[in-house]
Amino acid sequence: MEKYALELIEKGKRIDERKFEEIRPLTIKKGMIEKAEGSASVKLGETEVIVGVKLNVGEPYPDAKDEGVLIVNAEFTPLASPDFESGPPGEDAVELARVVDRGLRESKCIELKKLCIVPGEKVWIAFVDIHIINHQGNLLDAAALASLAALLNAKIPKLDGENVLRKEFEGQLPVVFKPINITVGKVGEKFLVDPSFEEESILSSKLSVCVRDDENICALQKQGNGELNIEDIEKMVDIAILKSKEIRKLVE
Amino acid sequence: MTEMKEVVLPGEFIAERKGRKVGRGAYFEGEKVFAAVLGIPRVDENEISVISLSGVYAPSIGDKIVGIIQAVEISGWTVDVNSPYLAFLPLSEGVGEFVDTQRTDISRFYDVNDVISCKISKVTKNKTVQVSMRSIGSRKLYGGITIKVTPTKIPRIIGKGGSMISLIKEKTGCEITAGQNGIVWIRGERKDKAIEAIMTIERESHTIGLTEKIEKMLSEVV
Amino acid sequence: MSETDEKMIVDGKRLDGRLPNQLRPIKMEVKIINRANGSALVNFGGTYAIASVHGPRALFPRWMQESDTGILRCRYNMAPFSVEDRKSPGPDRRSVEISKVARLAMEPAIFLEDFPKATIDVFIEVLQADGSTRVTGINAASLALADAGVPMKDLVTACSVGKINGTLIVDLNGKEDNNSEADMAVAMLPTKKKITLLQMDGVVSKEELMTLVNLAEKSCEKIYELQKQALKEKYKRI
């Protein structure tokens with residue numbers, strides 16, 4: 001399959017007949033996990049990711065005493081792909097969680113100061129847990145999108161003294177930006193967006209770009225064992241900025 | 001004052017190809033030949049290569065090597081050739097006579113830890129390696145000890161036309177067989193002197209004036 | 001890494017006296033671990049990293065072998081005493097990610113196809129951390145690979161760049177790392193001018209991003225000269 005995909009790309013086509021800058025059909029659903037304070041599922045082609053946001057009360061970091069805490073974790077559960085194994089997250093799961101985390105954190109999309117309950121003592125900790133349901137390529141973009149959607153969907157529970165009243169809410173989680181992650185792949189001299197599973201194995205490199213609403217870049221991660229020219233990087237960032245605008249409209 | 005031959009590093013440009021063979025330690029992109037390893041470049045009318053200052057042994061057909069029997073299998077032996085790859089000595093390549101494997105325990109020919117001088121007879125693309133005792137000069141090496149040195153230093157240890165290794169043999173009275181794979185077999189009473197000389201050559205192979213230094217070292221009375 | 005109100009640049013100079021595009025004092029030494037096929041120690045100011053290479057060597061278990069190519073394995077680790085607040089020994093998530101990106105930074109340089117079924121194992125230990133640890137580690141690893149005689153098409157050179165108090169700077173130390181508006185790690189094949197590692201976090205415009213990448217390339221050129229010297233130096237001393 002991979003060899004065929006490569007031949008097609010050289011001729012200017014993709015296996016699923018998409019254009020190079022076209023993403024697969026995208027569906028975003030929110031709020032289906034009632035026990036979570038926020039949740040979302042993203043289907044990008046056949047890739048499916050579900051993210052749940054849970055809010056717990058905890059201690060702030062010593063160097064950010066008046067800010068809430070964001071923790072992102074990803075599970076590549078074996079049910080999603082024959083290539084995933086049971087056990088603690090491998091390097092790919094760790095990388096994905098950390099890249100999604102950086103995009104959310106550096107973009108300052110959550111007003112962490114508003115998650116402070118008692119400075120230095122009590123803050124809201126937002127756990128963003130990414131669960132891969134089906135791996136058909138481009139897990140990172142799907143996971144980042146689902147994480148953002150889940151955060152936009154999340155509500156802060158009411159606090160009664162020490163108790164968290166999970167069924168009553170104080171308001172939405174304060175999310176002020178919508179950072180969008182776009183992964184651009186390079187094959188030969190061509191660039192494509194939203195690589196499918198077959199395409200991923202023939203890409204020489206991928207560049208994941210996290211773009212904020214104001215077109216600033218909040219995170220960059222080159223993936224794959226290929227080489228990139230400086231000119232490639234500029235082109236890939238341009239493509240990502242353009243694409244991010246389109247996707248952002250789909251997440252309200 | 002010891003002079004140094006100019007060392008090149010991976011990625012450094014050596015010469016234009018001009019139809020020549022690009023040998024070990026070098027690679028080409030279009031007409032330009034670059035070094036692939038840290039070492040001394042060798043450029044002549046026929047070939048451009050780089051002699052690596054270090055590196056593991058990569059078996060090549062025709063290499064005359066010293067191997068150490070690792071295991072006795074059913075139809076042959078696995079041999080340690082100082083490489084990421086184990087070699088195999090098939091029964092037919094190790095023994096001249098007919099052997100009934102049902103009745104014979106072939107370890108009587110070669111047993112674990114036996115040292116052999118042999119030739120690399122086959123290397124497949126996936127680096128399956130075969131050795132043979134059928135070539136001239138192949139034999140079991142009895143007694144003595146073996147040491148492992150950087151394979152790329154062996155030519156210097158042997159010397160031009162064997163001059164260096166003959167010098168060491170003469171001065172120490174030892175029997176020495178140096179395999180291209182970096183395993184050197186030594187037997188004799190003054191083998192420690194021989195080993196010292198060999199290790200010195202390994203360390204200083206890229207310097208000029210080494211031969212004189214080794215001569216001096218071996219002439220010293222213990 | 002977050003912005004700070006603290007002045008990190010005073011009168012055009014950084015807190016440690018450097019100019020924005022100035023590297024810290026750098027030392028590199030090759031062949032320091034005799035049990036390894038290759039090794040090197042590199043320090044950029046107060047950041048010390050040691051790297052060693054074992055291999056190419058046989059790869060077990062067999063199912064991990066690739067019949068037509070060798071593989072590269074890399075482990076980046078920080079010593080417990082390398083940071084102010086002792087770090088528990090063993091891999092944490094950050095080390096796992098860095099091990100991966102470091103491996104992918106070096107893979108393109110190596111002729112892995114020369115060693116089917118074998119593995120080349122690279123170990124990076126950060127002995128003291130004062131910012132830019134992964135790039136220091138990669139610089140050391142690349143020297144260790146060359147020292148080990150691993151066939152490569154180029155060395156791998158790496159450096160960090162970033163933005164602090166609005167100014168673009170090179171080679172961030174620990175304090176700058178923690179207080180920058182953006183920091184970026186770049187690794188490249190110096191003679192081919194190809195980038196093999198690129199990570200950034202912070203907030204930068206696209207123009208600033210491209211300026212940073214170009215700044216990194218220029219700094220890598222300087223660092224490459226030092227790597228060259230360190231390798232050639234080893235074989236001069238007799």
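Two numbers describe the Cα atoms of region B:145-219: Rg and Dmax, which are 10.8, 30 Å. All alpha carbon pair distances within the protein assembly as shown were sorted into 20 Å bins beginning at 0; the resulting P(r) in whole percents reads 16, 43, 29, 12, 1. Taking the centroid of alpha carbons for each part, region C:85-153 and region A:227-243 are 26 Å apart. Counting charges near residue B:112 (Lys, Arg +1; Asp, Glu -1) among other residues having Cβ under 12 Å from its Cβ returns a value of -4.
Taking the fewest neighbouring Cβ atoms within 10 Å as the starting point, the ordered list for B:150, C:196 is B:150, C:196. Residue ranges C:13-23, B:184-194, A:133-143 sort as A:133-143, B:184-194, C:13-23 when ordered by packing (mean number of other C-beta atoms within 10 Å per residue, highest first). About its Cα centre, region C:16-233 has a charge dipole of approximately 480 debye under the convention of +1 per Lys or Arg Cβ and -1 per Asp or Glu Cβ, with nothing else charged. Cα centroids of region A:5-29 and region B:166-212: 63 Å apart.
Ordering C:52, C:67, A:86, C:142 from the fewest to the most neighbouring beta carbons within 10 Å gives A:86, C:67, C:52, C:142.
Listed cross-link partners C:153/C:206; A:114/C:87; A:19/C:218; B:64/B:160; A:35/A:178; A:11/B:21 are compared with a 28 Å cut-off, the Cα-Cα value being larger for C:153/C:206; A:114/C:87; A:19/C:218; A:11/B:21.
Looking at region C:84-177, which trypsin sites (Lys or Arg not before Pro) are DSSP coil and have at most 10 other C-beta atoms within 10 Å of their C-beta?
C:86
Scanning residues 5 or more positions from residue B:110 or on other chains, none has an amide H under 5 Å from its amide H, with H placed 1.01 Å from N in the peptide plane.
Rounded to two decimals, the Cα-based Rg/Rh of chain C, with Kirkwood Rh, is 0.98.
Quick check: net charge around residue C:40, other residues with Cβ under 12 Å of its Cβ, Lys/Arg +1 and Asp/Glu -1?
So the surrounding residues net to -1.
Placing dummy labels 7 Å off each Cα toward the beta-carbon, the span from residue A:158 to residue C:113 is 6.8 nm.
How much of the calculated P(r) for region A:1-105 lies past 20 Å, in percent of all Cα pairs? Looking at region A:1-105, the distances longer than 20 Å represent 61 percent of pairs.
Please state the shape class of chain B: rounded when a/c is under 1.5, otherwise prolate if a/b exceeds b/c and oblate if not, all from the C-alpha gyration tensor. Oblate, because a/c is 1.5 or more while a/b does not exceed b/c. Across region B:153-162, rounded Karplus estimates of 3J(HN,Hα) from the backbone phi angles (6.51 cos²θ - 1.76 cosθ + 1.60, θ = phi - 60°) give 8, 4, x, 6, 5, 7, x, 5, x, x Hz, Gly and Pro being marked x. Computed from the alpha carbon atoms alone, the convex hull of region B:13-52 holds 50 Å³ per residue. Over 30 Å apart at the Cα level, from the set A:186/B:127; C:163/C:193; A:155/C:7; A:108/A:249, are A:186/B:127; A:155/C:7. Express in % the proportion of alpha carbon pairs of region B:64-141 at distances exceeding 18 Å. Counting pairs separated by more than 18 Å, the tail of P(r) holds 33 percent. So what's the gap between the Cα centers of region A:198-224 and region C:176-208, to the nearest angstrom? Here the two parts' Cα centres lie 13 Å apart. Inter-chain neighbour count for C:149-160: the average number of beta-carbon atoms from partner chains within 10 Å of each residue's beta-carbon is 5. The mean number of partner chain beta-carbon atoms within 10 angstrom of a residue's beta-carbon across peptide B:52-59 is 5. Think of it as helices only: each DSSP H run of n ≥ 4 in the protein assembly as shown is worth -39500 (n - 2.57), and spread over all residues that comes to -7500 deg cm²/dmol at 222 nm. With neighbour counts taken as other beta-carbon atoms within 10 Å, the residues C:98, B:214 rank, fewest first, as B:214, C:98.
Across the options A:45, C:127, A:185, the greatest Cα extent toward the positive end of the charge dipole of the protein assembly as shown (unit charges at beta carbon of Lys, Arg, Asp, Glu) belongs to C:127.
Computed on region C:1-103, the Cα convex hull volume stands at 177 Å³ per residue.
Between the helical axis of A:230-250 and the dominant principal axis of chain A, each derived from Cα atoms, what acute angle in degrees is found, rounded to the nearest 10? On a 0 to 90 degree scale, this one is about 60. Taking amide H positions as placed in the peptide plane 1.01 Å from N, state which residues far from residue A:133 in sequence (5 or more) or on other chains have amide H under 5 Å from it. Those qualifying (amide H under 5 Å, at least 5 residues apart or on another chain) are A:48, A:49, A:50. In the protein assembly as shown, the DSSP beta bridges split such that about 90 percent are antiparallel, to the nearest 5.
The HN-Hα couplings worked out from phi for region B:70-82 by the Karplus form 6.51 cos²θ - 1.76 cosθ + 1.60 (θ = phi - 60°) are 9, 8, 9, 9, 6, 10, x, 9, 8, 10, 7, 10, 6 Hz, whole numbers, x standing for Gly and Pro. Taking all Cα pairs closer than 8 Å and separated by 6 or more residues, the relative contact order of chain A comes to 21 percent. So if I place +1 on the C-beta of Lys and Arg and -1 on the C-beta of Asp and Glu, and nothing else carries charge, what would the dipole magnitude of region B:64-141 be about its Cα centre? I want it in debye, nearest 20. For region B:64-141, the charge dipole is close to 400 debye. Projecting the Cα atoms of C:205, C:59, C:166 onto the dipole axis of region C:16-233, where Lys and Arg carry +1 and Asp and Glu carry -1 at the beta carbon, places C:59 farthest toward the positive end.
For region A:148-163, putting each phi into the Karplus relation 6.51 cos²θ - 1.76 cosθ + 1.60 with θ = phi - 60° gives couplings of 4, 4, 5, 5, 5, 7, 6, 10, 8, x, 6, 10, 10, x, 8, 8 Hz, in residue order, rounded to whole numbers and with x for Gly and Pro.
Counting pairs of Cα atoms in region A:2-250, how many percent are more than 24 Å apart? Tail of P(r) above 24 Å: 47 percent of Cα pairs.
Of the residues C:43, C:21, C:150, the one whose Cα sits farthest toward the positive end of the charge dipole of the protein assembly as shown, with +1 on the Cβ of Lys and Arg and -1 on the Cβ of Asp and Glu, is C:150. Other protein chain C-beta atoms within 10 Å of residue C-beta, averaged over B:78-88: 2.
Would you list, by chain and number, the aspartates and glutamates whose Cα falls below 13 Å from the Cα of residue C:222, excluding same-chain residues fewer than 8 positions away? Candidates past the 8-residue exclusion: C:171. Each Lys and Arg contributes +1 and each Asp and Glu -1, all at the Cβ; summed about the Cα centre of region B:38-105, the dipole is approximately 180 debye.
Taken together, the values in this text are just the output of simple stated rules run on the coordinates, not laboratory data. Not measured: the values here are computed from a predicted model. In this analysis, Cβ positions are derived from the backbone assuming ideal geometry, glycine residues included, and neighbour counts consider all displayed protein chains.
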